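What follows is a set of notes on a single structure, which appears directly below.
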Amino acid sequence: MNDMSPVQTNNLEAFWMPFSANRQFKQAPRMFVGAKDMHYVTADGRQVLDGTAGLWCVNAGHCRPKITEAIQKQAAELDYAPAFQMGHPKAFELASRLVSIAPPGLDHVFYTNSGSESVDTALKIALAYQRVRGEGGRFRLIGRERGYHGVNFGGISVGGIVGNRKMFGTLLTGVDHMRHTHDPARNPYPQGETEHGAELADDLLRIAQLHDPSTIAAVIVEPVAGSTGVLPPPKGYLKRLREICDQHGILLIFDEVITGYGRLGAAFAADHFDVVPDIIVTAKGLTNGVIPMGAVFVRDTIYQAFMQGPEHMIEFAHGYTYSGNPIASAAALATLETYKEEGLFERAKALTPVWAEAIHSLKGARHVIDIRTIGLIGAVELEPIAGQPTKRAFAAFVKAYEKGLLIRTTGDIIALSPPLIIEESQIGEIVDTLKSVLASLD
Ligand code: PMP
């Protein structure tokens, strides 16, 4: 399938595409030119059902008039305001609104422009907080194997994806990684949290004891690892991490760039798992993916340590030209209103069992070796072709696109995360399309 025709340039080389096989793509480009609700429109005029909410971000569906209008209105009224030493009402209104849906105690918000920036902001807040409270010896950060925390230097340092790390030198020093919790032999085809593996949280204790716990500033995890293949946590795992952090003065950071804003059927995964971290990292669904924006939620005690600390610390030496940008703030406010008015988090919760049953019905389909679901997220893992990892899943992605379904692949895993407005019939359509795609693969 070649969607080239309506592109007004014959130079596809000028754009160096991120995380893409540029050479392959440019031989047979896949272009979207429009979108509405659950569908994209391709350059050759086909409808493609969005099985991934864009990149896990378009939680309310595409081109929602309320969000579009809010952006248009704000752009005409106040397009930009300096982010430092100046304010504008929308950024404050949004922060109040955000903390009103956040878990208890997470009463303050720092704005960024992406998930990656939110991660690095959270790590910097953690390190600076330890210094402000007189614990400057806590300089170590702990992440996890198979963690994805964006692409900035802090994020790839605590992240656990070899391919994203190996080209970029020494990264941050003083970082350790806990083991990942994925164990399909013990937890095959899980729905929701896995039964086994909570004891892996004690890896945090092991690493802390290795270095002396008083040197550890923070630990960061995705409550559900998303980009590395949808890995739900074992039952009790996150609670155990919380306990260890409490015992040893370590900050617990949840990277909720994917799980935030309703994906698991609650505002945050912290609510879903009933574990309140000290910092929550968000982006994506905050603005329905429409305008780049991230928000880092911090516990009141952290904020107050800065406010009541030494004078030179009150101004936290960090921030971005576009932190709390007026148009992004307006988009986020309209997005949050849409989620609330349409009860989309509750909708995701109500659909979770329907989703789980439908996606798990692919068990036994050709090449499928594991399936995982949690909230409105799903993963279908395919048997790799010996010596050619990712080939089969990528072929599934291309075939699904040709059949009118957008999926995402990561390694040999198909990842699904539809907009929360999805209808049951469209869940059925995803499953039917995938069945026929899988049956057609070599
Ligand atoms: N953290 C997690 C858990 C993510 O899933 C992502 C993006 N997929 C990021 C961070 C990075 O977000 P961004 O691409 O907006 O920088």
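The Kirkwood radius of region 68-341, taken over pairs of alpha-carbon atoms, gives through the Stokes-Einstein law at 25 °C and 0.890 mPa s a diffusion coefficient of 129 µm² s⁻¹. About the centre of its Cα atoms, the chain shows a dipole size close to 780 debye [charges on the beta carbon of Lys, Arg (+1) and Asp, Glu (-1) only; nearest 20 debye].
The count of lysine pairs in region 68-341 whose Cα atoms are under 28 Å apart, excluding pairs fewer than 8 places apart on the same chain, comes to 13.
Between Ser436 and Ser214, the FRET efficiency estimated from the beta carbon spacing at R0 = 51 angstrom works out to 0.35.
Between Ala28 and Gln85, the distance separating the two model label sites (each 7 Å from Cα on the Cα→Cβ line) works out to 5.7 nm. Of the residues Pro233, Val162, Gln130, the one whose Cα sits farthest towards the positive end of the charge dipole of region 68-341 is Val162 (charges of +1 on Lys and Arg Cβ, -1 on Asp and Glu Cβ, taken about the Cα centre).
About the Cα centre of region 139-262, how large is the charge dipole given +1 on each Lys and Arg Cβ and -1 on each Asp and Glu Cβ? Please answer in debye to the nearest 20.
Dipole size: approximately 240 debye.
How much net charge surrounds Pro292 when only the other residues with a Cβ under 14 Å from the Cβ of Pro292 are counted, with Lys and Arg +1 and Asp and Glu -1?
0
For the chain, the antiparallel share of DSSP beta bridges with both residues in that region comes to about 65%. The residues Val48, Val224, Val119, when put in order of fewest to most other Cβ atoms within 10 Å, stand as Val48, Val224, Val119.
Among Glu337, Glu424, sorting on how many other beta-carbon atoms sit within 10 Å of each Cβ, with the fewest leading, yields Glu424, Glu337. When only alpha carbons are used to place a centre, region 49-112 and region 118-195 end up 26 Å from one another. Residue exposure proxy: Asp202, Asp176, ordered by other Cβ atoms within 10 angstrom of their Cβ from fewest to most, comes out as Asp202, Asp176.
Go through Val368, Ile253, Pro82 and say which Cα lies farthest out towards the positive end of the charge dipole of the chain; charges sit on Cβ, +1 for Lys and Arg, -1 for Asp and Glu. The residue sitting most towards the positive pole is Val368. What pairs in Lys36/Lys399; Lys36/Lys391; Lys26/Lys391 have C-alpha atoms more than 27 Å from each other? In this structure, Lys36/Lys391 exceed 27 Å between Cα atoms. For region 240-366, the alpha-carbon coordinates run over 61, 42, 29 Å along the three principal axes, in decreasing order.
Only the coordinates and a few stated rules stand behind these numbers; no lab work does. A quick note: this is a predicted structure, and the numbers were derived from the prediction, not measured. Quick reminder, even Gly has a Cβ in these numbers, built from the backbone with ideal geometry, and neighbours come from all protein chains shown.
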